[in-house]
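Here's a structure for you.
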Amino acid sequence: MRHNYIVILILSLLTWTYAEELYSDKYDYVNIDEILANDRLRNQYYDCFIDAGPCLTPDSVFFKSHITEAFQTQCKKCTEIQKQNLDKLAEWFTTNEPEKWNHFVEIMIKKKDEGA
């Protein structure tokens, strides 16, 4: 019986620790398709993420604060929706604006090399 309590306690701690590891889902509602379809919005987010312009919305500030780590860890702490959105983002840019995607990847690699 005591063994069961220990197992339950360990599983509870692992579940709690895992849940703490994910990024907040506060902005999971952001419509990535709408952003990608709108030149102005897409460029605003892109410039924000590559440090070429200001982050104009709370969600862009949030995503920028995590994008380097998410990229470097293959989205280890991302929610499922964030993973799907990053996949959409990568697919859209590699198909439609590969030079911008390559520039973004270069910046992420540089930040990784700098320890950012």
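Roughly how compact is the stretch 20-114, stated as its Cα Rg over 2.2 N^0.38 Å to two decimals? Walk me through the numbers before you get to the answer.
Numbers: Rg = 12.5 Å, N = 95, 2.2 N^0.38 = 12.4 Å.
Relative to the rule-of-thumb radius for its length, the stretch 20-114 sits at 1.01.
So which aspartates and glutamates pass the test for LYS110, namely a Cα distance under 16 Å, with those fewer than 8 places away in the same chain ruled out?
List returned: ASP51, GLU69.
Using a simple spin-label model with points 7 Å from Cα along the Cα→Cβ vector, what separation in nm is obtained for THR94 and GLU80?
Those two pseudo-labels are separated by 2.3 nm.
Computed from the coordinates by the stated procedures, all read-outs in this text should not be read as laboratory data. This is a predicted model, so every value here is computed, not measured. No Cβ is skipped: glycine too gets one built from the backbone with ideal geometry, and neighbour counts run over all protein chains shown.
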